[in-house]
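Working notes, beginning with the structure itself.
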Amino acid sequence: GQARGGSGQAPRGPPEAHRVRDGLEVAGPYRAAGVSDDALLDHGFPPEDAKAAVVEWKRVQSDAESESPWQVDLSSVIGGEHCAAYLRTWLWSPVKQKARFEIGSDDGVKVWLNGEVVHANNARRPVADGEDKADVKLLKGWNPVLLKVTQGDGGWGASLRVRTRDGKPVEGLK
């Protein structure tokens with residue numbers, strides 16, 4: 001479906017898993033003439049702009065048979081090379097609390113939580129779950145999460161898991 005910028009109802013994933021996968025939506029691929037693969041991470045596309053015109057978001061279907069059920073294979077979902085895509089979801093926290101995002105990406109990744117950049121890594125690599133870590137603060141209630149994942153060529157994907165800062169499941173996370 002379509003939604004404006006960052007608006008829309010919060011999709012719900014499986015809270016017991018603490019793996020952001022079932023409630024994800026994807027937008028893209030996005031390309032910009034004259035922008036190199038290495039510059040894609042810092043180039044702004046419409047999903048980054050709350051004032052942007054309509055952005056087309058599509059629900060990502062879960063693959064329970066996947067070797068890594070919290071990983072999204074963007075090559076299969078939308079495909080493309082020399083471009084960027086966005087993944088979004090919402091996390092519900094019963095209280096304001098500290099947490100850690102465990103992030104994997106192929107290639108570069110930038111992550112926003114509640115509209116603020118909390119992590120960026122302009123990497124060229126295969127996706128490995130939890131390769132990057134970012135300490136974050138969840139607010140009480142819904143917390144919008146946006147990931148930008150860049151693609152040179154070859155494989156393309158991302159993963160995100162939410163844990164406490166000492167690696168345990170986050171209590172009450174939905």
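Residue pairs whose Cβ atoms lie under 6 Å apart, sitting 6 or more positions apart in sequence or on different chains, and linking a residue in the range 50-74 that is modelled with pLDDT of 90 or more to a partner that is surrounded by 17 or more Cβ atoms within 10 Å (Cβ to Cβ) and in a loop (DSSP other than H, G, I, E, B), are VAL72/VAL60; LEU74/TRP156. Has the range 126-137 got at least one residue that is over 18 Å from GLN71 (Cβ atoms), crowded, with 16+ Cβ neighbours inside 10 Å, touching a residue at least 40 places away in the same chain (Cβ under 8 Å) and not basic (Lys, Arg)? No, because not a single residue in the range 126-137 is over 18 Å from GLN71 (Cβ atoms), crowded, with 16+ Cβ neighbours inside 10 Å, touching a residue at least 40 places away in the same chain (Cβ under 8 Å) and not basic (Lys, Arg). Do you know which residues across the range 104-130 are outside any loop (DSSP other than H, G, I, E, B), closer than 12 Å to TRP156 by Cβ and not small (Gly, Ala, Ser)? Matches in the range 104-130: ASP106, VAL109. Among the residues of the range 138-158, how many are open to solvent by less than 10 Å² (accessible area, probe 1.4 Å) and more than 22 Å from GLY115 (Cβ to Cβ)? Here the count works out to 4.
The values are calculated or read from the model by the stated rules, or taken from the named source; none is laboratory data. Nothing here was measured: the structure is a model prediction, and the numbers come from that model. No Cβ is skipped: glycine too gets one built from the backbone with ideal geometry, and neighbour counts run over all protein chains shown. Accessible surface is based on the protein model in full, side chains and every heavy atom, while ligands, DNA and RNA are left aside. Shrake-Rupley method; radii C 1.70, N 1.55, O 1.52, S 1.80 Å.
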